[in-house]
Amino acid sequence: MKFVVKSAKTVEEALKEALDELEAKENEVEIEIIEEPSNGLFGLIGVKEAKIMVSFVNDPVEIADKFIQEVLKHMKIEGTNLIKKNGSTLNVEITDISSSDLGILIGKRGNTLDSIQYLLSLVINKDRDEYLRVIIDSEGYRPKREETLKRLAKKMAEKARIGRIPVKLEPMNPYERRIIHSTLQNFEGVNTYSEGEDPFRRVVIVSKQR
C-alpha cells in the first residue's frame, strides 16, 4: 500500500501536502495522526508540528498493476507493466513482450487490447467519485494505429467525394471513430456521421454534392 508521512503546523496542512504528493482525494485515503500539533510554552518552547501518515486505500496504479498481471498470467503472456497516473488519465504501457505474444495481446485491429482497457476502466472507476480515463498500449501500437486510421480516413474521403456515394468504414470503437471524425472535420467536400449500435457502430463518409 502506498503511503506518505508528512509534518506541518496543522493536520490540515500536512494532509494537503500528502494528498498533493499522492495525487489523491481525501475519500481515497486513510489518515493516521502520529503526533498532534502543540504550541508549546509561550509558543516558543516545546513547539511540535502535526505529523500524520496518509495511506492510499484505492490506489489506481496498484489496482491496475494487479489486474494486468492477472490478465497476462491467464493469457500465458510475459510482460512488464509501466503504469503512471497523469491527472485524470491512467497510462498503462506493457513492455518486454515477444512479437508473437504482442499479436495475441493486441488482437485483430486492437480488439483484444481495447477489451482489456475497457475491463480495467470498469475496475478502476468502481466507487470512484471522479472518472479516471484508462489508456493501455504496448510497443507503440496506438500511435501507429492512429496514423493508419488518418490515412484511411483521407483515402476514403477522396473516394466519397469523387464518387459522390456514401462510404461506410468498418465498425470501430468510440476512440477510433473520433479519430476519423476529427481527421475529416475540415476535409473539403465531405461530411461524416456514425450509424449503428456498439460494437458494430461505424463511420459513414458522404459527399456534400450528392
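Test of the criteria: in segment 146-207, which GluC sites (Glu not before Pro) are in a DSSP loop and have at most 16 other Cβ atoms within 10 angstrom of their Cβ?
GLU188, GLU197
Can you tell me the relative contact order of segment 111-188? Whole percent, Cα pairs under 8 Å, sequence separation 6 or more.
27
Please list, ordered by chain and number, the residues whose modelled amide H lies under 5 Å from the amide H of LYS2; skip anything fewer than 5 residues away on the same chain.
For LYS2, whose amide H was placed from the backbone, the distant partners under 5 Å are PHE56.
Only helical DSSP H runs with n ≥ 4 go in: add -39500 (n - 2.57) per run for the chain, normalise by residue count and round the 222 nm mean residue ellipticity to 500 deg cm²/dmol.
Values: 6 runs with 83 residues, N = 210.
Helix contribution divided over all residues of the chain: -12500 deg cm²/dmol.
Ranked by Cβ crowding within 10 angstrom, fewest neighbours first, how are SER55, SER138, SER99 ordered?
With the sparsest Cβ surroundings first, the list reads SER99, SER55, SER138.
Label-point separation (nm) for LYS73 and THR148, each offset 7 Å from Cα along Cα-to-Cβ?
Roughly 3.1 nm, to one decimal.
If I stretch the segment between ASN186 and THR95 completely, what's the gain in nm (0.36 nm per residue apart, minus their alpha carbon distance), one decimal?
Working it through step by step, the gained length comes to 29.1 nm.
GNM, the chain, Cα, under 10 Å: largest mean-square fluctuation among ASN191, ASN111, ASN58?
ASN191
Starting from the Cα gyration tensor of segment 144-207, take the square roots of the eigenvalues, sort them a ≥ b ≥ c, and report rounded, prolate or oblate (rounded when a/c is under 1.5, otherwise prolate if a/b is larger than b/c, else oblate).
Here segment 144-207 falls in the oblate category.
Once you place label points 7 Å from the Cα toward the Cβ at ASN125 and ASN86, how far apart are they in nm?
Calculated label separation equals 1.9 nm.
In percent, how large is the relative contact order of the chain, given Cα pairs closer than 8 Å and 6 or more residues apart?
Value for the chain: 13 percent.
Please say if segment 60-139 is rounded, prolate or oblate, where rounded means a/c under 1.5 for a ≥ b ≥ c the square roots of the C-alpha gyration tensor eigenvalues, and otherwise the choice is prolate for a/b larger than b/c and oblate otherwise?
In terms of gyration-tensor shape, prolate.
Run the quick spin-label model on PHE200 and ARG133: label points 7 Å from Cα toward the beta carbon, then report their separation in nm to one decimal.
It is 3.0 nm.
Could you give the length gained on full extension between TYR193 and ILE165, defined as 0.36 nm per residue of separation minus the Cα-Cα distance, in nm?
Extending this stretch completely gives an extra 8.7 nm.
Given the options GLN117, GLN185, GLN69, state which has the largest fluctuation in a GNM of the chain using a 10 Å cut-off (strictly under) for Cα springs.
GLN185
Counting only chymotrypsin sites (Phe, Trp or Tyr not before Pro) that sit in a DSSP loop (anything but H, G, I, E, B) with at most 15 other Cβ atoms within 10 Å, what is the longest stretch of the chain containing none of them?
Segment 43-130 is the longest.
Throughout, read-outs are computed from the coordinates displayed, never taken from laboratory work. Predicted, not measured: the structure shown is a model, and the values here were computed from it. Here Cβ is always computed from backbone atoms with ideal geometry, including for glycine, and neighbour counts include all displayed protein chains.
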